[in-house]
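Have a look at the structure below before the remarks.
The values are calculated or read from the model by the stated rules, or taken from the named source; none is laboratory data. This is a predicted model, so every value here is computed, not measured. Cβ coordinates were reconstructed from backbone atoms using ideal geometry, including for glycine residues, and neighbour counts include every protein chain displayed.
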Amino acid sequence: MSSVKIHTGFSSPLPPLPRFRTLCLSHVFVVSITMMCTGFVSVAHADLYRWTTKDGIVHYGDNMPSSQALDGYDLINPTTGEVIRHIDRAKTPQELASEAAAKTAEEKKQAEEVAQAQRDRMLLDLYSNTSDLERARKQRLDEIDGLIKQTQNALARANERSKHAQASSEQKAAFKDVIQLRKNLFDLQERRDETSKRFAEDLQRLEQLQAKGKPSDQAGK
């Protein structure tokens, strides 16, 4: 039986290895071989692609056309046949726009619900009953009516000045006042309409809340 010589760079022969060192080296050798085999098996069992073309034919392969990624595909375990991961097809610009619009609409709806809940709590804090709200409405409308009356009187006086002005400068000044007062009167009338409408809506909502006995739960969210 021939012997194997190991060249170590030393002039004297290697000393005999203790038994436990021999066992350790054998164990390391077995583990190394196992890891190499395991790595080889992992490579051998790489994921498999499965995709369906537009004509309805199902294909399998370890390589897939790059254009197919836009149409979606599956990653398959070749050993078990199970779907590891499904990749959906790419969405069209129309689909993306539709999803964005739906998301915006939902966010707007939620914001409106929160705002309504805040108004509900404010109504219940301000008015203990509908009579309180009606008194507040009358007081506010009376204030606006008073401003409208004052503006109407001022407009009448400005019209008279423009008619009886002697100098052109006086007439121009009076005419300028007429234009401004007409604008102020229009703004006040719009404010009165908006105030009346808002109080009517608040009155209707307060009646609904008092019938329920509590405000919308959205306020706490």
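This table checks each residue for (1) in a loop (DSSP other than H, G, I, E, B); (2) within 30 Å of Gln189 (Cβ to Cβ).
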| position | (1), (2) |
| --- | --- |
| Ala90 | yes, no |
| Lys103 | no, no |
| Lys138 | no, yes |
| Glu160 | no, yes |
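Could you check how many residues of the stretch 118-170 are acidic (Asp, Glu), more than 30 Å from Arg182 (Cβ to Cβ), free of Cβ contacts under 8 Å to residues at least 60 places away in the same chain and surrounded by 12 or more Cβ atoms within 10 Å (Cβ to Cβ)?
Going through the stretch 118-170, the residues acidic (Asp, Glu) turn out to be 120, 125, 132, 134, 142-143, 145, 160, 170.
With more than 30 Å from Arg182 (Cβ to Cβ) added as a condition, the list becomes 120, 125, 132, 134.
Subset that is free of Cβ contacts under 8 Å to residues at least 60 places away in the same chain: 125, 132.
If we keep only those that are surrounded by 12 or more Cβ atoms within 10 Å (Cβ to Cβ) as well, we get 132.
Adding up the residues that qualify gives 1.
When every residue of the stretch 77-100 is checked against the conditions, none turns out to be under 22 Å from the mean Cα position of the chain (by Cα), modelled with pLDDT of 90 or more, closer than 30 Å to Glu201 by Cα and assigned by TED's automatic domain parsing to the domain that holds Gln210. Filter the stretch 171-180 down to residues that are within 30 Å of Asp193 (Cα to Cα) and among the aliphatic types (A, V, I, L, M) and give me whichever is surrounded by the fewest Cβ atoms within 10 Å (Cβ to Cβ). Filtering first and then ranking leaves Ile179.
Residue under question is Ser131, and the condition is that it be closer than 30 Å to Arg119 by Cβ and assigned by TED's automatic domain parsing to the domain that holds Ala115; does it hold?
On the way: closer than 30 Å to Arg119 by Cβ: yes; assigned by TED's automatic domain parsing to the domain that holds Ala115: yes.
In short, yes.
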